[in-house]
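The values are calculated or read from the model by the stated rules, or taken from the named source; none is laboratory data. This one's a predicted model, so the numbers in the text were calculated from it and none came from an experiment. Neighbour counts are summed over all protein chains in view; Cβ atoms, including those assigned to glycine, are modelled from backbone coordinates with ideal geometry. These accessible areas exclude ligands, DNA and RNA; they are computed on the full protein's heavy atoms, side chains included. Shrake-Rupley method; radii C 1.70, N 1.55, O 1.52, S 1.80 Å.
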Amino acid sequence: MPIKNRFAETHADITAWRRHLHEIPELDFDLFETSKFVEERLRSFGITDITTGVAKTGLVAVIKGKTDTKGRVIGLRADMDALPIEEATGLDYASKTPGKMHACGHDGHTAMLLGAAQYLAETRNFDGTAVLLFQPAEEGGGGGRVMVEEGVMDRFGVQEVYGMHNMPGLKAGEFAICKGPLLAATDEFVLTVTGQGGHAAAPHEAVDPNVASAHVILGVQSIASRITDPLKQVVVSICALHSDTDAHNVIPQSVTMRGTVRTLDAGVRDLAETSLKRIVEATAQAHGCTADVAYVRGYPVTVNADENTDYAAEAAAAVAGSVITDTPPIMAGEDFSYMLEARPGAYIMVGNGEEGATVHHPAYDFDDDTIPAGCSWFAEMIERRMPAA
Ligand SMILES: [Zn+2]
Ligand SMILES: [Zn+2]
């Protein structure tokens, strides 16, 4: 039986939880209502070992199997936070909070892990301990990192850890995974190019930071095309560009740019950072300007351990009948990477339907048809990695 029968019965309830969470999106570490709802649901399943206040509003729930003969402990993680986006779906369960929206499907991830928790608490058909990690602040702030820093892996004795994200474009309930890097390291930078402001009609009496910045923007694109190994991915995107004037007849004093560097390899990450600094500083200097580069390293690469990828893929194949095992990596980031640095494990993508908006779009919506497959995969991971004695 691919999809566990129990989830056909609980699908409507889990959908209702998901839609309730969708109505009450919260941001970053401030998931007070979300966290309260998750705790209430967990308690209603008879789960009593719940630790709240982890990474401010995260929770850890422990479910013991019927037996524990080998001391096995498997962690399952769901992210719970929303995005600062104004929802434009027109759904009757749309966000009730202006400017906040579950546009990445974390409402779905949370509801699916709750569904799995209910099933595992009812059946306990495994030999060991399931540790459910509900985390805040995936979209920024690194709630996953904070949970690891607060010692959840050691405190709860987690030996392996698994996570899941929905994927628009893939059929609902289908799974995709790959060994090694699946998601990118996400670094951020702020570039400030300073010249000498002046009258737009007298450029020879000024030092124009706009022209220098234009060369900087083109110059940093040579990192991907000329500096790093063409077989190793790197993205350099300059996203914000502001000069300190809005006038049509003033050469500004300075220009500020913000952007991101995405990589899948530690060596490429180092090379991209040093190259960016060198190109920006030298290019500014070539145009008579100075440059300041503030470079901040964000989430590390999300790396699936080979063996654990096989386990995750086998569970997915059991649930869905088949699984894509060579999905190309995605240059988005994920703070589950910190959990995978702390413990071996794997991250899998589950289809959110072939139609519809992508994540982080105001028209995005999680596909509730995915719920039985997602819940079954979480439950299957526990029952396969800790088979009943
Ligand atoms: Zn997201
Ligand atoms: Zn997400």
| field | Per residue value of the accessible surface for the chain (all protein chains in place, 1.4 Å probe), Å² | value | 41 Å²
| Where does the chain land at 222 nm, in deg cm²/dmol rounded to the nearest 500, when only DSSP H runs of n ≥ 4 count, each adding -39500 (n - 2.57), divided by all residues? | -10500 deg cm²/dmol
| Nearest 0.05, what FRET efficiency do Asp49 and Ala266 give at R0 = 30 Å with Cβ-Cβ as r? | 0.20
| request: Find the all-direction average of the projected area of the Cα convex hull for the chain, expressing the result in square nanometres with one decimal place. | output: 20.4 nm²
| query | Normalized C-alpha radius of gyration of the range 249-389, against 2.2 N^0.38 Å? | reply | 1.50
| note | Hits in the range 58-74: amide N under 12 Å from the 7 Å Cα→Cβ extension of Arg124, namely 63-68
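Can you pull the percent of Cα pairs in the range 1-158 with separation above 24 Å?
Values: 4180 of 12403 pairs.
That fraction is 34 percent.
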| message | Taking 8 Å as the Cα distance limit and 6 or more residues as the minimum spacing, I'd like the relative contact order of the chain as a percentage. | response | 25 percent
| field | Normalised convex hull volume, the range 62-143, alpha-carbon set, Å³ per residue | value | 94 Å³
| message | Quick check of the Kirkwood formula: for the range 86-129, what is the inverse mean of 1/r over all pairs of different Cα atoms, in Å? | response | 12.8 Å
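Could you grab the relative contact order for the range 155-300? Cα pairs under 8 Å, six or more apart, rounded to a whole percent. If you can, show how the numbers build up before the last one.
On the way: 254 pairs, mean separation 51.9, N = 146.
Worked out over the range 155-300, it gives 36 percent.
I'd like the carbon and sulfur percentage of the solvent accessible area for the range 48-183, probe radius 1.4 Å, heavy atoms only, ligands and nucleic acids excluded. Please list the in-between numbers first.
Working: 2100 of 4280 Å².
Ligands and nucleic acids excluded, carbon and sulfur give 49 percent.
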| field | Which of Thr283, Ile330, Ala346, positive extreme of dipole for the range 260-389 (C-beta unit charges) | value | Thr283
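What per residue convex hull volume, in Å³, comes out for the range 126-229 when only alpha-carbon positions are used? Intermediate results must be reported in sequence, preceding the final value.
Details: hull volume 24.5 nm³, N = 104.
Residue-normalised Cα hull volume stands at 235 Å³.
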| said: If the elastic network links every pair of Cα atoms under 10 Å, which of Ala266, Ala247, Ala212 fluctuates the most in the Gaussian network model of the chain? | reply: Ala247
| query | Length gain on complete extension for the stretch Lys232 to Ser322, per 0.36 nm per residue less the alpha carbon to alpha carbon distance? | reply | 29.5 nm
| Hey, can you list the DSSP H helices of the chain whose Cα span along the axis is 27 Å or longer and whose average Kyte-Doolittle score is at least -0.5? | 266-286
| Residues whose placed amide H lies under 5 Å from that of Val301, excluding near-sequence neighbours | Ala185
